[in-house]
Amino acid sequence: GMEPLRVKSLLLTGYLEYLVRQELESHAQIFTPSDPAQRGCQLSLTFNIDLDDVLHRLGDMGVMCDVRRPSCMRVAPTPLYNSFSDIYEFVQALKSVLVA
C-alpha cells in the first residue's frame, strides 16, 4: 500500500539529508526545507564547485542527476527503486567528486 511507501520515502530522504550534512557539509548546501511535509522526497543541492563539473564527473561514474539551471541539482530517492545502500553509494560518489 501507499503508507509503507511513504514511510520508506521519508526515511530514504532523511538518510540522504543526514549523509549530505555529515559527509559534505562544507562542499554541498541543501536549500530544500528540512521539514519532510514541505519537501516531498527530493532535496535540492548546490555546490562549492561548478555544477557542470559535478554532473560530468558523476556521469563518468554512471550517475545521472536532475538539474535546474543555473546551479541546482535535485536528488530524489524513490521508495520503489532505491535502497538505503543506493543512497550511501550516491553520497560516496558525490563526495569523491566534491572533495577530490
Inset, instruction - Identify which of 28, 76, 37 has the largest mean-square fluctuation in a Gaussian network model of the chain, with springs joining Cα atoms closer than 10 Å. - result: 37
Legend entry - Charge context of residue 52, other residues only, Cβ under 15 angstrom, K/R +1, D/E -1: -1
Inset, instruction - May I ask you to compute the full-extension gain from residue 15 to residue 72, defined as 0.36 nm times their residue separation minus their alpha-carbon distance, rounded to one decimal in nm? - result: 18.5 nm
Inset, instruction - With a cut-off of at most 13 other beta carbons within 10 Å, and DSSP calling the residue loop, which chymotrypsin sites (Phe, Trp or Tyr not before Pro) in the stretch 18-100 qualify? Please list them. - result: 31, 81
Inset, instruction - Springs between alpha-carbon atoms under 10 Å, Gaussian network over the chain: tell me which of 63, 54, 20 tops the mean-square fluctuations. - result: 63
Inset, instruction - Grab the Cα-Cα distance for residue 6 and residue 52, subtract it from 0.36 nm times how many residues apart they are, and report the gain in nm with one decimal. - result: 13.4 nm
Inset, instruction - Just need the relative contact order of the chain here, percent rounded to a whole number, with Cα pairs under 8 Å and 6+ apart. - result: 35 percent
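For the stretch 5-47, what is the Kirkwood hydrodynamic radius in Å, using each pair of distinct C-alpha atoms?
So the Kirkwood estimate lands at 10.5 Å.
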Inset, instruction - Jot down the radius of gyration and Dmax of the stretch 34-100, Cα atoms only, both in angstrom. - result: 12.2, 34
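Readers should treat all values here as calculations from the given coordinates under stated rules, not as data from a laboratory. Since this is a predicted model, take the numbers as computed values, not measurements. As a convention, Cβ positions derive from the backbone with ideal geometry for all residues, glycine included, and neighbour counts pool all protein chains shown.
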